[in-house]
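In what follows, a structure is listed as structure tokens, so that the remarks can point back to it.
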Amino acid sequence: MKRSPTRTEIQAKAHRDSFEAAVNGCRRFARRFQQVRERAGMSIYALEMASGVSRVMIDRIERGDSHPTMFLLFRLAFAMKVSVWEFSDDPPPKAARRRRKARGARR
């Protein structure tokens, strides 16, 4: 007869699962960030010059070794001339999409 897992075993598995999900999320973000930078046609050096963020920090972000603040992400996005939402796999909220459409219509 198979025994049911203990409370400690259940908690340990949940902890492992959440840790793996966080690591995978960091990797996805890092890959997406690098894709956006390359699509913008910028080298790491060019992004450093345009944003004022060091090459070391940009490289750490692209490797998934750093968790940038929103302030840093906005600086990098502004330098690449993209929305911060470009770094995310998730679609932007409806309000952000409406603002973007309204700005596009005025141009």
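Taking the criterion of being in contact (Cβ under 8 Å) with a residue 24 or more places away in the chain and small (Gly, Ala, Ser), the residues of segment 18-41 that qualify are 30, 40. The residue that is surrounded by the most Cβ atoms within 10 Å (Cβ to Cβ), among those in segment 81-91 that are among the hydrophobic types (A, V, I, L, M, F, W, C) and either in a helix (DSSP H, G or I) or modelled with pLDDT of 95 or more (or both), is 87. When the residues of segment 1-29 are filtered to those that are among the basic types (Lys, Arg) and surrounded by 11 or more Cβ atoms within 10 Å (Cβ to Cβ), the one that is modelled with the lowest pLDDT is 13.
If the condition is being outside any helix (DSSP H, G or I) and open to solvent by less than 60 Å² (accessible area, probe 1.4 Å), then segment 30-42 contributes 40, 42. Scanning segment 43-58 for residues that are hydroxyl-bearing (Ser, Thr, Tyr), more than 15 Å from residue 73 (Cβ to Cβ) and open to solvent by less than 50 Å² (accessible area, probe 1.4 Å) yields no hits at all.
The residues of segment 29-87 that are in contact with a Phe, Trp or Tyr (Cβ under 7 Å, 6 or more places away or on another chain) and basic (Lys, Arg), listed by number, are 32, 55. Filtered by the rule that a residue be out of contact with any helix residue (DSSP H, G or I) (no Cβ under 8 Å at 6 or more places or on another chain), of a type outside the set (S, T, N, Q) and on the phi < 0 side of the Ramachandran plot, segment 32-58 gives 38, 39, 46, 49, 56. Just one residue in the set 71, 78 is open to solvent by 100 Å² or more (accessible area, probe 1.4 Å), in contact with a Ser or Thr (Cβ under 8 Å, 6 or more places away or on another chain), at pLDDT 90 or above and in a helix (DSSP H, G or I); that residue is 78.
The values are calculated or read from the model by the stated rules, or taken from the named source; none is laboratory data. Here the structure is a predicted model, which is why all the values come from computation and not from measurement. For neighbour counting, all protein chains shown are included, and Cβ atoms are generated from backbone atoms with ideal geometry for every residue, glycine included. We work out accessible area using only protein heavy atoms, side chains counted, and drop any ligands, DNA or RNA first. Shrake-Rupley method; radii C 1.70, N 1.55, O 1.52, S 1.80 Å.
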